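These notes concern the structure reproduced below.
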Amino acid sequence: MNTPTTNPLRVGLRQERVITPQCLVIFGASGDLTHRKLIPALFQLFKQRRLPIEFAILGCARRPWSDEEFRQKMKKALGKEAKDNSAAASLFLENLFYESVDLQKSEDLIKLARRLEGIDRVKATHNNRTFYLSVSPNFYGSGCKALAAAGLLNDPKRSRLVIEKPFGRDFGSAQTLNQLVQSCCQESQIFRIDHYLGKETVQNILVMRFANTIFEPIWNRNYISSVQITAAETVGVEERAGYYESSGALRDMVQNHLTQMLAITAMEPPGHFDPEAIRNEKAKVLQAAHLADEIEPWKCCIRGQYEEGGSKSDPILSYRNEPGVNPNSTTETYVAMKLFIDNWRWQGVPFYLRTGKRLAKRLSEIVLTFREAPVHLFDAAGGCPTSNQLILRIQPDEGADFRFEVKSPGSGMRSRPVGMEFSYEESFGEPSDEGYVRLLADAMLGDPTLFTRSDEVEAAWRLYTPLLELIEDSPWQLPIYPYESRTWGPVESDALLSKDELLWRRP
Ligand code: BG6
């Protein structure tokens, strides 16, 4: 098997843009995201030689670490990667610096500004700065204000701000946060992250749809009868009960990741491949989307929570028994719902969304089911002919699968379904990069295409407002159904589809 550096496909196919000299400042540098995602993604960029020589990472958090301590901790965070690439890891770690900063203290901001000037001199980073807010969402607003007050966001060409999700917790709070952030800097400086947009397979939806002529003519209500979007996880709440208890699956996954997949699947073709053209089309489709029943939203949504499961040797705790979770918690770990999009392309086509933790498989996919053939000329091997399906596999086994009927071998004329597959790994010889690799590079390049604009975030929150209000005001109307861990969620969610004579896909 080819190693990544010698793989000819990789050398031939990758076309990378050049990141300008700069300092990436990570607030929340002692946190989980920095260890698990950001530093590994930056190391990946370093190994791919995508970072300029004049580059620095300044980690900031309240802890009083030295540069050296920070480097050691990040080396540990890289784990096996650092061991397997020890020379590259040592060079990479030399670009890491640390400053103890409390964003609430103005004296710390003065200290930070001085430190950045020092880094600019030593590393020749030319005042180009990307500030990454990987802090608790409660500090997004005050963090922006503090950076603006210290003059660190003044230059719209040289300073950028990356903000993690969740951006607000409902329509009102997202609107308020947008106003606050936009009062600190220009919209062009703001990069709201949704890491699903960093996944190759999500971006590939755009390429499949708009670089081929065969899909677009049939990508509409005349040919497609329904769409299912699934993000299933096998993990539970892990160590994040503090955050998850007040979030739940609807806020944690649906409002952002699933809604972005919906927007990219359903949007109109943009006039150009340019950030605003793409984001305009995504915003428009979200503005046209609505719950299947906005007056009685409990009829189009099912919530669930995981119970014990697993095996004797590998038992799984119920959500309510997880560390940090309220034993009477009514937070949903599963949610399924039905939406419609009121426009010429999609009128009347149901979009079913589902996500959950502790489900049977880790899997994210989008399934487009095509209308049945108008006349059945042939007997079907399985009793009735199956509808054609295009399955876009976001993860794992990234790729796509087209299911269609063919003749079963033999003297009769029976049909049976088969699949035609595209696999990223087989075609390109390597698995695709983690979403954060792409998004960190794009933020540092100043390319906002794969980041959510203020109107998109607000439209996504507005879409779920009837459900969020119901959960807040009369939760008994949207009960939490228990489901056994390692299954496909509460049986009640099957009814959402069986009412429409459909089934969830269970690969
Ligand atoms: C995060 C959620 O945004 O996405 C997590 O907060 C979830 O709860 C994660 O586990 C899923 O991401 P991925 O890339 O593993 O599908």
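The values are calculated or read from the model by the stated rules, or taken from the named source; none is laboratory data. Quick caveat: nothing in here was measured; it's all calculated off a predicted structure. Don't worry about glycine lacking a Cβ; one is built from the backbone with ideal geometry, like all the others, and counts go over all protein chains shown.
Of all the criteria given as (1) at pLDDT 95 or above; (2) not acidic (Asp, Glu); (3) not in a helix (DSSP H, G or I), the one not satisfied by His126 is (1).
Select from the stretch 415-433 the residues that are surrounded by fewer than 18 Cβ atoms within 10 Å (Cβ to Cβ) and within 16 Å of the ligand (Cβ to nearest atom) and write down the one among them that is farthest from Ile278 (Cα to Cα). Filtering the stretch 415-433 for residues that are surrounded by fewer than 18 Cβ atoms within 10 Å (Cβ to Cβ) and within 16 Å of the ligand (Cβ to nearest atom), the one farthest from Ile278 (Cα to Cα) comes out as Pro431. Taking the stretch 150-178 only, how many residues are among the β-branched types (Val, Ile, Thr) and farther than 26 Å from Arg438 by Cα? Residues in the stretch 150-178 being among the β-branched types (Val, Ile, Thr) and farther than 26 Å from Arg438 by Cα: 1 in total. Phe273 falls short on exactly one of the conditions (1) touching a helix residue (DSSP H, G or I) at 6+ places or on another chain (Cβ under 7 Å); (2) more than 19 Å from Asp194 (Cα to Cα), and that condition is (1). Restricting the first residue to the stretch 232-249 and requiring it to be small (Gly, Ala, Ser), which pairs with a second residue that is near the ligand (Cβ under 8 Å from one of its atoms) and at pLDDT 95 or above meet a Cβ separation below 8 Å and a spacing of at least six or different chains? Close Cβ pairs (under 8 Å, with a partner that is near the ligand (Cβ under 8 Å from one of its atoms) and at pLDDT 95 or above) amount to Ala232/Arg362; Ala232/Ser364; Gly236/Lys357; Ala249/Lys357. Residues in the stretch 102-114 that are under 25 Å from Asn138 (Cβ atoms) and charged (D, E, K, R) were compared, and the one that is surrounded by the fewest Cβ atoms within 10 Å (Cβ to Cβ) is Glu107.
Within the option set Phe92, Phe97, Phe70, being surrounded by 13 or more Cβ atoms within 10 Å (Cβ to Cβ) and under 18 Å from Tyr436 (Cβ atoms) holds for one residue only, Phe92. For the stretch 447-473, the candidate set comprises residues that are surrounded by fewer than 17 Cβ atoms within 10 Å (Cβ to Cβ) and farther than 18 Å from Asn204 by Cα; within that set, the residue that is farthest from the ligand (Cβ to nearest atom) is Asp473.
Do we find that Lys157 is modelled with pLDDT under 95, closer than 25 Å to Asp455 by Cα and more than 26 Å from the chain's Cα centre (by Cα) in this structure? Yes, satisfied.
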